[in-house]
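Report on the structure given below.
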Amino acid sequence: MQAKVDSRSFYSHPFCYALFIVLLNFGTAAAQSVDPTFLAARYAPLLFHDVGHVPMADYLTPVDFDGDWIANNNWDNLPHFPLKAVVYYDVRETGTHFYITYMFFHPRDYARVCFPWICHENDAEGAIIAVNKSTGREDAVQTLAHNNIKTELYPILKTVPGFVADPQGRAKRVALYIEPGGHGVKYLPGDQSRFDSAFAKFHAEALSVRGFNAEAEKHFLFVYGNRADFYDGAESGVYSYDLLPLSELWRRRHDVGKGRLFSKTFNHNGARFAVGGIPGSFAGEKWGAGRANPPWGWHDSGYPGIRRGDWFLDPAFALAQKLPAVSTIYRFNPFLP
């Protein structure tokens, strides 16, 4: 069943927006007091997700969807638990920007025929949206697809039919595409008319997304709605997703080993900072051990000047390689020493 998505429950009063703008441009202490959930919800992207031949494996879910924090039973447990739509988030801040990370978790990375170098247990791809604190506008969106990070500066915002705007018109959002099976994330290009056409057809082909699955006939559209809709076995439809803090995973970073949450710790020696002994992968085992990376393990060897973990741990430095006029001094970044 398709869900009716309504954002009014979050933006119930114009005073919230006025306070938000004041805090964006106020001093250090006040800026840090902006509720990160407020920011993550305000800029939460539209997600156009193609669905493959195992629809439940394309569901966005919590990491602990099965009631435990054991990562090597997620592949097998997937069919046996009720599943709901969630996205993980985190917010860091500099003098010029907020960096909002969104992580999209799936219990399986799969294909029609699985081999150890193709499929794996657990999957975590994502995106980072850089919000200009002076304008409140999205200056950039960076996306991750299979260890490839792509940058779109000044993205064109989209809206969808039936989405209720908050009093300041924030129905317009960054729109992202998520592949079926492997779940790579890409920015959806084009203007609103192209998006409207694609939405009417409910197919990503009209959006000219390189790498979309032309054979897919089923699709999800996920819109932030301050609630997590249950799928109930659905194979397509419009669903509301809720937000969970990435801190839930970070505070469990020492839960490492076989039959636990994480595996393969590494010492992050970034371009500017060092963080020792952090887990580089989830502790999955199906089709190869430890093949899915949490955000602090994301990397792209082709991104100039960026080392493994820098994109998430030091997002301002990463964006500065693409957009030089940004501050790289953090007012808030709890992941760094």
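Please work out if ASP232 is more than 18 Å from the chain's Cα centre (by Cα), surrounded by 14 or more Cβ atoms within 10 Å (Cβ to Cβ), of a type in the set (Asp, Glu) and closer than 18 Å to ASP64 by Cα.
Considered against the rule, which asks whether it is more than 18 Å from the chain's Cα centre (by Cα), surrounded by 14 or more Cβ atoms within 10 Å (Cβ to Cβ), of a type in the set (Asp, Glu) and closer than 18 Å to ASP64 by Cα, ASP232 comes out as no.
If I ask for residues that are in contact with a helix residue (DSSP H, G or I) (Cβ under 8 Å, 6 or more places away or on another chain) and either within 14 Å of LEU249 (Cα to Cα) or among the acidic types (Asp, Glu) (or both), which ones from region 49-67 would you list? Walk me through it before giving the result.
Filtering region 49-67 for residues in contact with a helix residue (DSSP H, G or I) (Cβ under 8 Å, 6 or more places away or on another chain) gives 49-52, 56-57, 63, 65-66.
Listed by number, the residues that qualify are ASP50, VAL63, PHE65, ASP66.
Among the conditions (1) buried (at least 21 other Cβ atoms within 10 Å of the Cβ); (2) part of a loop (DSSP other than H, G, I, E, B); (3) modelled with pLDDT of 90 or more, GLY136 misses just one, which is (1).
Give region 312-337 a look and list any residue that's in a loop (DSSP other than H, G, I, E, B), over 14 Å from GLN142 (Cα atoms) and hydrophobic (A, V, I, L, M, F, W, C), or say none.
Residues of region 312-337 in a loop (DSSP other than H, G, I, E, B): 314, 321-329, 333-337.
Subsequent filtering for residues that are over 14 Å from GLN142 (Cα atoms) retains 324-329, 333-337.
Within region 312-337, ALA325, VAL326, ILE329, PHE335, LEU336 meet the criteria.
Restricting region 296-311 to residues that are among the charged types (D, E, K, R) and part of a loop (DSSP other than H, G, I, E, B), the residue that is surrounded by the fewest Cβ atoms within 10 Å (Cβ to Cβ) is ARG307. Restricting attention to region 139-186, the residues being among the acidic types (Asp, Glu), in a loop (DSSP other than H, G, I, E, B) and at pLDDT 85 or above number 1. Name, by its number, the condition in (1) of a type in the set (A, V, I, L, M); (2) modelled with pLDDT under 85; (3) within 28 Å of CYS114 (Cβ to Cβ) that does not hold for VAL256. Every condition holds for VAL256 apart from (2).
Yes/no per residue for (1) at positive phi; (2) touching a residue at least 12 places away in the same chain (Cβ under 8 Å); (3) touching a helix residue (DSSP H, G or I) at 6+ places or on another chain (Cβ under 7 Å); (4) not charged (D, E, K, R):
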position: PHE230; (1), (2), (3), (4): no, yes, no, yes
position: ALA234; (1), (2), (3), (4): no, yes, no, yes
position: GLY237; (1), (2), (3), (4): yes, yes, no, yes
position: LEU246; (1), (2), (3), (4): no, yes, yes, yes
position: GLY284; (1), (2), (3), (4): no, yes, yes, yes
position: GLY290; (1), (2), (3), (4): yes, yes, no, yes
position: PRO295; (1), (2), (3), (4): no, yes, yes, yes
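Residue check: PHE104 meets all listed conditions (1) part of a loop (DSSP other than H, G, I, E, B); (2) of a type outside the set (Gly, Ala, Ser); (3) in contact with a strand residue (DSSP E or B) (Cβ under 7 Å, 6 or more places away or on another chain) but one, namely (1).
In region 243-279, the residue that is farthest from the chain's Cα centre (by Cα) out of those that are closer than 13 Å to ASN122 by Cα and outside any loop (DSSP other than H, G, I, E, B) is SER263. Taking the condition surrounded by 24 or more Cβ atoms within 10 Å (Cβ to Cβ), out of contact with any helix residue (DSSP H, G or I) (no Cβ under 8 Å at 6 or more places or on another chain) and touching a residue at least 60 places away in the same chain (Cβ under 8 Å), does ALA85 pass? Taking the combined requirement at face value, the residue satisfies it.
The values are calculated or read from the model by the stated rules, or taken from the named source; none is laboratory data. Not measured: the values here are computed from a predicted model. Ideal geometry is used to build each Cβ from the backbone, glycine not excepted, and the neighbour counts take in all protein chains shown.
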